[in-house]
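Participant: Would you mind keeping the following structure in view while I ask a few things?
Every number in this text was worked out from the coordinates using simple rules, so none of it is lab data. Everything numeric here is computed off the predicted structure, so don't read it as measured data. Methodologically, a virtual Cβ is constructed for each residue, glycine included, from the backbone with ideal geometry; neighbour enumeration extends over all protein chains shown.
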Amino acid sequence: MAYGVTPDGFVRMRLPEIRQEIIEDLRAKLLAAGVAETVETRPDSITGLLIDTFAEREAALWEQAEGVYLAMYPGSANGVSLDRAVSFTGVKRLGDEQARAYVVVYGQSGTTVAQGAQVRHRVSQNLWRLEGDVRILPGAAADVTLQPVVQPNALYSVSVDGQAYSYTSGAVTNLPAILAGLVAAVSASSLDVSSDGASIRMHTGGRVASAFAWSANFSLARLGSPGLAVTEEASEEVAAVGDLNAIVTAVDGWDGVDNLQAGTAGRLAENDAELSARYPSGLFRLGAGTLPSIAPNIRDRVPGVRAIKVFENDTDGPDAAGRLPHSIHVVVDGGLDEELAEAIFRTKGGGIDTNGGSLVVVIDDEGAQQPIKFDRPERVYVWVSAELTLLPPAEQVFPPTGLDDVADNLATAGDGFSIGDDVIRQRLFGAIYRTTGIKSVVLALASSTDPAFVPGPADFSEDNVEILDAQVAVFDRSRIKVT
C-alpha cells in the first residue's frame, strides 16, 4: 500500500504498520549480517521495547506530516492555519465587533462631551462609551426644542441648513395656533416635527446633524447633537430606541442622552466552524458587481450585519415585486444605515438602480449626491405548538427535561431561517426528534407581523408560513409551547 501524498490524498502510516515494517527490516538486516537466530520482538522484550520506542516516534512524525498537509486546505485546516488557507481567496475571519448606536447628546450650547464618556443601557445596565468628541451646537444639532413667545402679528422663523421656514401670527393669536402654524411650516423640511402644546420639537433621525437657527421670539428649551456610542467590549447586545438614556460620566453642561434609532449588534469573533461555513460565499467577493458578490462584499465592509439577501431585476421594466428596471434590491438585517449605503454604492455595478424603503444619500468621489435605497426585513413572529405522544418507557425513555429540550431545539432551528426563507413545517420535525422517547407529534404554526398579537386555537394551522422577500421569520423561546 502506498503511503504519504498519493493520488487519493495523504495516507498516513499507522503505528501497527510502522512496527511491522521495523521488525521486517530488522530481521532482513540481521540475516544479511549472518545472524540466523530468531530475534524476540514481543512488546515486553528488550528488542520489542526498542522497536516500540522508535515506532511511536515515527508515528508521531506521520501525524505531524498529515497535519501539515491538511492545514493547507480550508476544509480541513483549523486555527491560524485556517486563516491562512482562506486568505488566498481574500476571505478573512470576522473579528470581535462592538455593538454600536447613534445617540443624541443633550445639554447647554457649546458643551463638549469628550470621547470615552460613558452612558448606560437601561435594560442590561451595560456601559457604552462615545466613540468621539461631541460638541453640542445649534449649527450641528440633531434634536432642537423651541418655545415660541406669543406675539400678535409676529414673524416666527426657523432655518434648517440655510432653508427658512416661517409662520406669521395674526392680530389675535394664542400659543396653540402659533405651534400649529409652525409645525405645518417646518413639516415641509425633511425633519420629524411635533408639538406637545407648549413647544415645537424638530429632529433628524438621530444620526446626522443639521444647522439650526431661529428668530428672537423663540426660547431654546432643549438642544442635542449626534454622536456614535459603542459597547466597551465586543457584544451582541442591541440598543432599541430609547435604551441608551442614562449618563454615567458627569460633564458640566451635559444633561441628557438618548438614541432616537435602534443600534446594531456586534459579534464575537468567528470560530473555525463559522469561518469554514462562510468560506464558499466569501469566494464571491472576488467578483465585485455581480449578483453573487454583492452580499459578501457588503457583509465584509459593514460591521454588525446579521443577515443579508440581494435580489435583482435585469429586465427593461418593473418586475412582479415592483422593482425598478435594471436594479438591485438589498434586504439587510443589522449594520448602520450610512455604512450600508456606502457599501452598496461601492459594490453595485455602475448605472444600476436600487430599491427599498430606506433612503440614504451617499457623496461620491466627485462630490455628487447618490441616493441609495435598501430595506430592513419586516419581522414575522412565529408561534409554535407541539403536542407530543411518547413511547412506552420500556421501549425508549423520554428525558425529564424533554419538553424544555424540544422547545430549545425548535428555537435553535428557527434561528436558521434567513431573509425571505419560508418556514417549512416539515423542517422542524428534525429538531423535535433529536429528543428521545417521542412516538409522534402534532405540530402547528401561527404567525403575525405584530409582536403583541396573541394567537388563539383557530390561528394555528399545519400549513407552512410564507415569508416575503423583505421579511424574516423570528422564533423565540417564549412563543414555543410543547406539551
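Participant: For the chain, what is the relative contact order in percent, using Cα pairs closer than 8 Å and at least 6 residues apart in sequence? Mind dumping the intermediate values first?
Facilitator: Values: 976 pairs, mean separation 59.0, N = 483.
Computed over the chain, the figure is 12 percent.
Participant: So for the chain, taking the charge dipole from beta-carbon charges (+1 Lys/Arg, -1 Asp/Glu), which of Leu260, Val305, Ser109 sits furthest toward the positive end?
Facilitator: Ser109
Participant: What are the ³J(HN,Hα) values, in whole Hz, obtained from phi via the Karplus relation 6.51 cos²θ - 1.76 cosθ + 1.60 with θ = phi - 60°, for each residue of region 5-16 in sequence order, with x given for Gly and Pro?
Facilitator: With the stated coefficients, region 5-16 comes to 7, 10, x, 9, x, 8, 10, 8, 6, 8, 4, x Hz.
Participant: Residue by residue through region 388-393, what is 3J(HN,Hα) from phi via Karplus (6.51 cos²θ - 1.76 cosθ + 1.60, θ = phi - 60°)? Round to whole Hz and write x for glycine and proline.
Facilitator: Ordered by residue, 3J(HN,Hα) equals 9, 10, 9, 6, x, x Hz.
Participant: Could you state the angle between the C-alpha long axis of helix 46-70 and the longest principal axis of the C-alpha atoms of the chain, as a value from 0 to 90 degrees rounded to the nearest 10?
Facilitator: The angle comes out near 30 degrees.
Participant: Oh, and also: Just report the Cα centroid separation between region 237-267 and region 150-192, whole Å.
Facilitator: For region 237-267 versus region 150-192, the Cα centre distance is 31 Å.
Participant: Starting from the 7 Å offset along Cα-to-Cβ, what nm value, one decimal, do you get for the label separation of Ala211 and Ser195?
Facilitator: Going from the Ala211 label point to the Ser195 one covers 2.8 nm.
Participant: Still on this structure, please answer the following. According to a simple spin-label model (label point 7 Å from Cα along Cα-to-Cβ), what is the distance in nm between Ala234 and Ala177?
Facilitator: 6.3
Participant: Could I get the Rg over Rh figure for the chain? Both from C-alpha atoms, Rh via Kirkwood, rounded to two places.
Facilitator: 1.15
Participant: Net charge near Asp255, counting Lys/Arg +1 and Asp/Glu -1 over other residues with Cβ under 14 Å of its Cβ?
Facilitator: Working: positive: Arg222; negative: Asp143, Asp252, Asp258.
Its environment carries a net charge of -2.
Participant: While we're looking at this one, here's another question. Would you kindly compute the Cα radius of gyration of region 116-175 and its largest Cα-Cα separation (Dmax), both in Å?
Facilitator: Taking only Cα atoms of region 116-175, I get Rg and Dmax of 18.9, 54 Å.
Participant: I need the fraction of alpha carbon pairs in region 4-70 separated by more than 20 Å, rounded to a whole percent.
Facilitator: Roughly 40 percent, once rounded to a whole number.
Participant: Between beta-carbons, use under 13 Å as the cut-off and find the net charge around Ala114, counting Lys and Arg +1, Asp and Glu -1.
Facilitator: -1
Participant: Based on the Kirkwood radius over alpha-carbon pairs, what value in µm²/s does the Stokes-Einstein equation return for the translational diffusion coefficient of region 98-258 at 10 °C and 1.306 mPa s?
Facilitator: D, rounded to a whole number, is 96 µm²/s.
Participant: May I pose another question? Rank Val251, Thr204, Ile294 by how far each Cα sits towards the positive end of the charge dipole of region 179-308 (+1 on Lys, Arg Cβ; -1 on Asp, Glu Cβ) and give me just the farthest.
Facilitator: Of the candidates, Ile294 comes out farthest on the positive side.
Participant: Still on this structure, I have one more. Per the helix-only calculation at 222 nm, which mean residue ellipticity applies to the chain, given -39500 (n - 2.57) for every DSSP H run of n ≥ 4 and division by its residues, nearest 500 deg cm²/dmol?
Facilitator: So the calculated ellipticity at 222 nm is -7500 deg cm²/dmol.
Participant: In addition: Using every Cα-Cα pair within region 340-401, state what percent have a distance larger than 12 Å.
Facilitator: Tail fraction, whole percent: 78.
Participant: Across the chain, how many lysine pairs separated by 8 or more positions, or lying on different chains, have Cα atoms within less than 24 Å?
Facilitator: 6
Participant: Taking Cα atoms, how many degrees apart are the long axis of helix 291-301 and the longest axis of the chain, rounded to 10 and kept between 0 and 90?
Facilitator: The two axes meet at around 80 degrees.
Participant: Given Cα positions, please report Rg to Rh for region 371-479, the hydrodynamic radius being the Kirkwood one. Each step should come with its number before you reach the end.
Facilitator: Working: Rg = 15.8 Å, Rh = 15.0 Å.
With Rh from the inverse mean 1/r over Cα pairs, Rg/Rh is 1.05.
Participant: Please work out the Kirkwood hydrodynamic radius for region 170-305, using every pair of different C-alpha atoms, and report it in angstroms with one decimal place.
Facilitator: 19.5
Participant: Among Thr249, Thr112, which comes first, second and so on when ranked by fewest other beta-carbon atoms within 10 Å?
Facilitator: Thr249, Thr112
Participant: Hey, another quick one. Provide the FRET efficiency to the nearest 0.05 for the Phe54-Arg434 pair, computing r from the beta carbons and using R0 = 51 Å.
Facilitator: 0.60
Participant: Taking 35 Å as R0, compute the FRET efficiency from the Cβ-Cβ separation of Thr389 and Glu466 and round it to 0.05.
Facilitator: Computed FRET efficiency for Thr389 and Glu466: 0.75.
Participant: Could you give the length gained by full extension between Leu137 and Ala184, i.e. 0.36 nm per residue of separation minus their alpha carbon distance, to one decimal place?
Facilitator: Details: separation 47, 0.36 × 47 = 16.92 nm, distance 2.50 nm.
The Leu137-Ala184 span can extend by a further 14.4 nm.
Participant: What angle do you read, to the nearest 10 degrees and between 0 and 90, between the alpha-carbon axis of helix 175-186 and the longest principal axis of the chain?
Facilitator: The helix 175-186 is inclined about 50 degrees to the chain.
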